[in-house]
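Undergrad: For reference, the structure I am asking about is given below.
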Amino acid sequence: MLITSAKILSASSSKQLITRLFSLILRIRMISAHLKCVFFLSQFLLALVIAISCVNVAQAEIDNSPAIKTGFLYNFFKFIEWPNPVDSYRLCATSNTGLESFLITLDAKLVNNKPIKVLTNVENQALKNCDLVFIGPSEDAAEINAILRGLPIVTVSDNMDFIEQGGMIELIEIENRLAFELNMDTAKTAGIHISAQMLKLAKNVIATH
């Protein structure tokens, strides 16, 4: 099994493999996007990248790698339910996140039998049309959280104190590993259901209600 095999890889070799695979995916899609067989090959490679980068959904060896963070965002879709049924998931990112070239590899990838549509450099007000939003470090997270408060939108960021500012999921670093914290009050207000499994994986959960 890919995930089991990935556990034996060293942190440095995993990082190198992830970087090379992402580079190969981008080259394949730019040069041969019109060939259906090549498209399926790129999808397979993407699945391999995600399997390696998300050996553990709760924690992963990091150096703040964009590939690892992208893997976390992909896996969040598996553990979250939105109040209204959708035909596809809209994954949005604000400007200057540092994840743009990695997020685009998730475009059209299936999760829960639904395709993901990736949108980058999205303006604050336009974020209201998204299902999951990643907020970059250069943005005013508190302002965006205020705009999206009460809407069925999952907000994610690696900004410090993000969940204290009303954000839903904060990516954090603990002893050189990537983990996440949850604000269940924000999730409940938005009508978002987070699975018990994801709650167990969270390093910290805010829940006052």
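The values are calculated or read from the model by the stated rules, or taken from the named source; none is laboratory data. Because the structure is a prediction, the values reported are computed rather than measured. Ideal geometry is used to build each Cβ from the backbone, glycine not excepted, and the neighbour counts take in all protein chains shown.
Undergrad: Among the residues of region 136-162, which ones are under 20 Å from Gly191 (Cα atoms), under 15 Å from the mean Cα position of the chain (by Cα) and touching a residue at least 24 places away in the same chain (Cβ under 8 Å)?
TA: Ile153, Val154, Thr155, Val156
Undergrad: Oh, and also: If Lys117 satisfies every condition in (1) closer than 20 Å to Gly98 by Cβ; (2) at pLDDT 95 or above; (3) part of a strand (DSSP E or B) but one, which is the exception?
TA: (1)
Undergrad: Return yes when Ile147 is modelled with pLDDT under 95, closer than 28 Å to Thr208 by Cα, surrounded by fewer than 17 Cβ atoms within 10 Å (Cβ to Cβ) and of a type in the set (A, V, I, L, M, F, W, C) and no when it is not.
TA: No.
Undergrad: Ok, one more. Can you tell me which residue among Leu182, Leu199 is part of a strand (DSSP E or B), at negative phi and surrounded by 12 or more Cβ atoms within 10 Å (Cβ to Cβ)?
TA: Every option except Leu182 fails the conditions.
Undergrad: Can you tell me which residue within region 76-106, out of those that are outside any helix (DSSP H, G or I) and among the β-branched types (Val, Ile, Thr), is farthest from Cys130 (Cα to Cα)?
TA: That would be Thr97.
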